[in-house]
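As structure tokens, the structure follows; a few thoughts come after it.
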Amino acid sequence: MSEQLYSINATNFLLSSLLNNTDLLYNSAYPLSKDDFKPNLAHRIIYISITQLADKGCLSVGSKELVTYLEGGYEEQLNALKEDISDGNVIGYIDTLKELDNDKSYEYWYNEVRKRSLLRKYRDKGFDITDFWDEDKSEEKNITKLNSVSIKDIVQHFDTFQTAIRQDFVVEENVRRIQAGENYEEIKEAFKNTPYFGACMKSPYQTTLFRGWVKGQLLVNSGASGTGKSIGAVGELCNVCATQLWDEIGKCYRPNPNRQGSGLYINTEMDLELELTPCFLAYISNVPRHKIMDGRYDSKKEEARVDEAIKILRDSQIFLVDDPNFTLRSIEDNIKYYKEQYNIQHMVFDYIQDNGCVGREMHKTHDVIARDTIILNIASNLKVWARQYNVGIYSMTQLNGNEKTVEIIDEACLAGGRAIKNKLDAGCISLYPRKKEQKFTEGLLQHWLSENNRGNFKEDFKPNIVLHNYKVRFSKYGIGIKIYQYLDKSTGRCIDLYCTDMYDNPINIDKTVIEG
């Protein structure tokens, strides 16, 4: 019986394009394998021959080149090809194939061939593929169904199926059971020498409130577009991963005493090399990223700082992943891979959002999926993975607009709803200072300027970000503390200025720092 999940017609057109333009074989957007042609011996031999001739420098392959190649040591394949072609005329068959070519239709025929190849692989591994191809139905109905989905749709369908099974059955691997207080004297005494604390954050005040960036915990910073969430997150990762940082006072690079080890940044929006990497270099060197991206520096010394920052960044083992079409499966796969291969200690996921792909992934286990449910589910999983892989995870969300009208900024302003707060170990909202806050804290600013008069700040120096810390699980200062700071959006570095409670009353907060 012939293979239903193989289209002779589609494969003929695909091979025609390859015969006429072998450069298509090297296009990473259209990967092919000899297994894609496995059901048809003639097609398989022709494809392998094209790839071999392309590797030898042939930009196109004609019937004479292909036959000559097979005659030069592959007589068995040539004979098999003759036997598989109805009239045994290999040259005529190849010439006919070449005439089919239409460059504009290559992507279409490629997808036709690859979707069938993918389904054959799943079927041969024992998966039920009837959602996409039911051999009890007519070929016309199957083709209509197959045309309605993409390769990614098929892969995500089976990934979701496996994820659902794993969630149903692998529930005990992270469960621990102890009797409360048993053998706890040793831990209690250990706290005297090593208090429960994570890595220091960019903000000494926030380090105190959050007890640092603790491995196994999820920290989320929310804010409107333009408030510096991404550049700030880059700074947080550099602060715990970079081997050295530029010291603006000493005018030199110094070892980073806060370095914890390697890190991971999962990106969903920026180009890794052209847009994201300059952010890391800007934080490490304290050279504004616009200078790096413009390629124009104030001096050769300043450019030399950036050159050194490149070496430092490379040595720091900070890994960047671009995953705009992320799913829950792809996020966990990246965390697991970089934890196992490079023992990452901290990571940033930029950022928690409904990208459409997670919704499709969840559709198999949820009849109705609201946007808030998707965002909540991502946050919930990030928290699980933080504990499972013992990695400190930092992420971001957007706001829902309530911040424009409410007096107290808290979880009611979060895109995704209040329930996200329950999934976090620490959470804050970044906003521009409001007029009321500027007025009430003017005296605090003047006091700070007088106490820090080192010639580094101008008289009109003002905070440009207020961090509203609505979730601080282990803090003695309570929730709602506001941190007023200056965030340099060109480098990601920040300066803590002063703090108030949620009602704008001044409050003294200890600063937690590591002295280098």
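None of the figures in this text is laboratory data; all of them are computed from the coordinates on show. Owing to the predicted nature of the structure, the values given are computational and were not obtained by experimental measurement. Cβ atoms come from the backbone with ideal geometry, glycine included; neighbour counts cover every protein chain shown.
Put in order of Cβ neighbour count within 10 Å, fewest first, the listed residues Val348, Val384, Val67, Val113 become Val384, Val67, Val113, Val348.
The simple spin-label model puts a point 7 Å past each Cα toward its Cβ; for Gln52 and Asn325 those points are separated by 3.4 nm.
Using C-alpha pairs below 8 Å separated by at least 6 residues, the relative contact order for segment 405-503 is 27 percent. Other residues within the sphere of radius under 15 Å centred on the Cβ of Phe319, judged by their own Cβ, net out at -4 (K and R +1, D and E -1). In this Cβ point-charge picture (+1 for Lys and Arg, -1 for Asp and Glu), the chain has a dipole of about 2040 debye about its Cα centre. Would segment 198-500 count as rounded, prolate or oblate if I go by the C-alpha gyration tensor, calling it rounded below 1.5 in a/c and otherwise prolate when a/b exceeds b/c, oblate otherwise? Because a/c hits 1.5 or more and a/b fails to exceed b/c, segment 198-500 counts as oblate. Can you give the angle from 0 to 90° between the axis of helix 442-451 and the longest principal axis of the chain, with both taken from C-alpha atoms, to the nearest 10? Computed tilt is about 80 degrees. Ranked by how many other Cβ atoms sit within 10 Å of their own Cβ, fewest first, the residues Met201, Met347, Met502 fall in the order Met502, Met201, Met347. For the peptides 202-209, 434-441, 225-232, the ranking by mean Cβ contacts within 10 Å, running from highest to lowest, is 202-209, 225-232, 434-441. Values (1) 1.09; (2) 1.13; (3) 1.06 are given for comparison; Rg/Rh (Cα atoms, Kirkwood Rh), derived from the coordinates here, is the one labelled (1). Answer rounded, prolate or oblate for segment 1-82, using the Cα gyration tensor with square roots of eigenvalues a ≥ b ≥ c: rounded when a/c is under 1.5, else prolate when a/b is larger than b/c, else oblate. Here segment 1-82 falls in the oblate category. With R₀ set to 25 Å, the beta-carbon distance separating Arg434 from Lys511 gives a calculated FRET efficiency near 0.55. Considering only alpha-carbon pairs that sit under 8 angstrom and 6 or more positions apart, the relative contact order computed for the chain is 15 percent. The antiparallel fraction among DSSP beta bridges confined to the chain stands at about 50%. Each other residue within a Cβ distance under 13 Å of Leu15 adds +1 if Lys or Arg and -1 if Asp or Glu, for a net charge of -2. Maximal additional length on extending the Asp128-Gln446 stretch stands at 107.5 nm, based on 0.36 nm per residue less the C-alpha distance.
Over the residues of the chain, the helix contribution to mean residue ellipticity at 222 nm works out to -13000 deg cm²/dmol, using -39500 (n - 2.57) for each DSSP H run of at least 4. Computed from Cα positions, the angle between helix 328-342 and the longest principal axis of the chain comes to roughly 80 degrees.
Ranking of Trp213, Trp133 by neighbouring Cβ atoms within 10 Å, starting from the fewest: Trp133, Trp213. Phi-derived couplings, Karplus 6.51 cos²θ - 1.76 cosθ + 1.60 at θ = phi - 60°, listed residue by residue for segment 229-246: 5, 6, 5, x, 5, 4, x, 4, 6, 4, 5, 10, 10, 5, 6, 9, 9, 6 Hz, with x used for Gly and Pro. Count Lys and Arg as plus one, Asp and Glu as minus one, and take only other residues whose Cβ is under 11 Å from that of Ile509; the net charge is then 0. Each of Ile374, Ile495, Gln398 was placed along the dipole of segment 198-500 (beta-carbon charges, centred on the mean Cα), and the one lying farthest toward the positive end is Ile495. Charges on Cβ only, +1 for Lys and Arg, -1 for Asp and Glu, centred on the Cα centroid of the chain; of Gln162, His346, Ser49, which one is farthest towards the dipole's positive end? Toward the positive end, the furthest listed residue is His346.
Compared with the direct C-alpha span, the chain from Asp307 to Asn79 gains 76.1 nm at full extension, assuming 0.36 nm per residue.
In order along segment 372-388, the phi-based Karplus estimate (6.51 cos²θ - 1.76 cosθ + 1.60, θ = phi - 60°) of 3J(HN,Hα) comes to 4, 5, 5, 5, 5, 5, 5, 4, 4, 5, 4, 5, 4, 5, 4, 6, 4 Hz; Gly and Pro are listed as x. Dipole check for segment 1-96: with +1 at the C-beta of Lys and Arg, -1 at the C-beta of Asp and Glu, and the Cα centre as origin, the magnitude is about 180 Debye. In percent, how large is the relative contact order of segment 8-149, given Cα pairs closer than 8 Å and 6 or more residues apart? So the answer I get is 30 percent. Put simply, the amide H of Ile318, placed in the peptide plane, has neighbours under 5 Å in Gly263, leaving out anything fewer than 5 places away on its chain.
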